[in-house]
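These notes are about the structure you will find just below.
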Amino acid sequence: MLDPCNRILDPEPGRSPGIVPGQTASVVVIGGGVAGVWVAYQLAKKSIDTVLITYESADRGGIQGASRRSVGACNTLPLRSDDLDGYLQRIGQGQTHPSVAQVLTDYLPRALTELEELVELKTIKIGVALPSGGEDFLAKMRQHFLATGGEILNAWVTRLVVDRHQCRGVQYESDSGIGKIRCRAIVIASGGYAGLFANSIQTNCSAAFSAPI
Ligand SMILES: Cc1cc2nc3c(=O)[nH]c(=O)nc-3n(C[C@H](O)[C@H](O)[C@H](O)COP(=O)(O)OP(=O)(O)OC[C@H]3O[C@@H](n4cnc5c(N)ncnc54)[C@H](O)[C@@H]3O)c2cc1C
């Protein structure tokens, strides 16, 4: 049987996939790119019991996510602009959420100061950059997250178990079988473009972008 990503769910006919014992967490973060790893680390630092689920295996293409490919340059010049929202709307072609400028002003300088204590940053003309790129950054941030008490699960989230009133958890597939984590909150940081790259995990976004309207 194939799942929508053409992954074989049951490689041996007649044998059902194993069931991993269920677990609980306060928060599950889906996606271990820059967004997921940073939020997971922030939660763990506050002693919030957090599981980061991200897919590392090779059978969905091997290289996943934009963060691994990123140059890691952060343009901080626009923060000094009198009209940050105007700038963001221009580069975002009017689609930037109006709260983003305020969030960046309030949060980014503090986050960069903290980041400087965790990983090496170099100063560049427009701001700062990671000297050795995204892959090395992710490895270091994952180490910081683990050292702060977080847990990382190499798995593919297949289902969010939520209703209008309550978040109950997630289901996933991993090499060990199908599992579930009961949790009170889910952070979705699964990236926007991963499925567009050759050799990427097959998200459905490329199909969504190319679908006739
Ligand atoms: C070549 C390149 C250079 C770039 N350079 C820069 C730059 O210099 N500066 C800059 O600011 N930006 C840059 N960007 C953009 C930047 O890298 C992205 O905006 C950013 O990395 C997105 O991070 P993310 O955490 O949202 O998503 P991603 O890094 O895509 O991470 C998403 C993660 O979620 C995982 N995932 C998805 N679905 C599931 C699921 N169901 N279950 C489990 N895991 C799942 C994926 O495996 C992936 O690891 C660059 C991008 C590229 C491609």
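Here, each number is a calculation from the coordinates, and none is a lab measurement. Small disclaimer: the values here were computed from a predicted structure and weren't measured. All Cβ positions, even for glycine, are placed from backbone atoms using ideal geometry, and neighbour counts span all protein chains on display.
Using +1 on the beta carbon of Lys and Arg, -1 on that of Asp and Glu, and nothing else charged, what's the dipole of region 73-129 about the Cα centre, debye to 20?
240
Put one equal scatterer on each alpha carbon of region 73-129, apply the Debye formula with no solvent term, and list log10 I(q)/I(0) at q = 0.16, 0.31 1/Å to two decimals.
With one equal scatterer per Cα and no solvent, log10 I(q)/I(0) is -0.53, -1.24.
What ranking of Arg90, Arg182 emerges when the number of other C-beta atoms within 10 Å of each C-beta is taken as an exposure proxy, fewest first?
The fewest-first ordering by Cβ neighbours comes to Arg90, Arg182.
So for Asp175, Asp163, fewest C-beta neighbours within 10 Å to most, what's the order?
Lowest count first: Asp163, Asp175.
Residue by residue through region 78-86, which ³J(HN,Hα) values in whole Hz follow from phi under the Karplus form 6.51 cos²θ - 1.76 cosθ + 1.60 (θ = phi - 60°), with glycine and proline marked x?
After applying 6.51 cos²θ - 1.76 cosθ + 1.60, I find x, 4, 7, 6, 6, 10, 5, 4, x Hz.
May I ask you to list the trypsin sites (Lys or Arg not before Pro) in region 116-168 that are in a DSSP loop and have at most 14 other Cβ atoms within 10 Å of their Cβ?
Working: sites: Lys122, Lys125, Lys140, Arg142, Arg159, Arg164, Arg168; in loops: Lys125, Arg164.
Counting only loop positions with at most 14 other Cβ atoms within 10 Å, the trypsin sites (Lys or Arg not before Pro) in region 116-168 are Lys125, Arg164.
Cross-link candidates for Lys45: which lysines have Cα within less than 21 Å, leaving aside residues fewer than 8 places away along the same chain?
Qualifying lysines at Cα under 21 Å: Lys140.
Please report His97, His144 as a ranked list, fewest other C-beta atoms within 10 angstrom at the top and most at the bottom.
His97, His144
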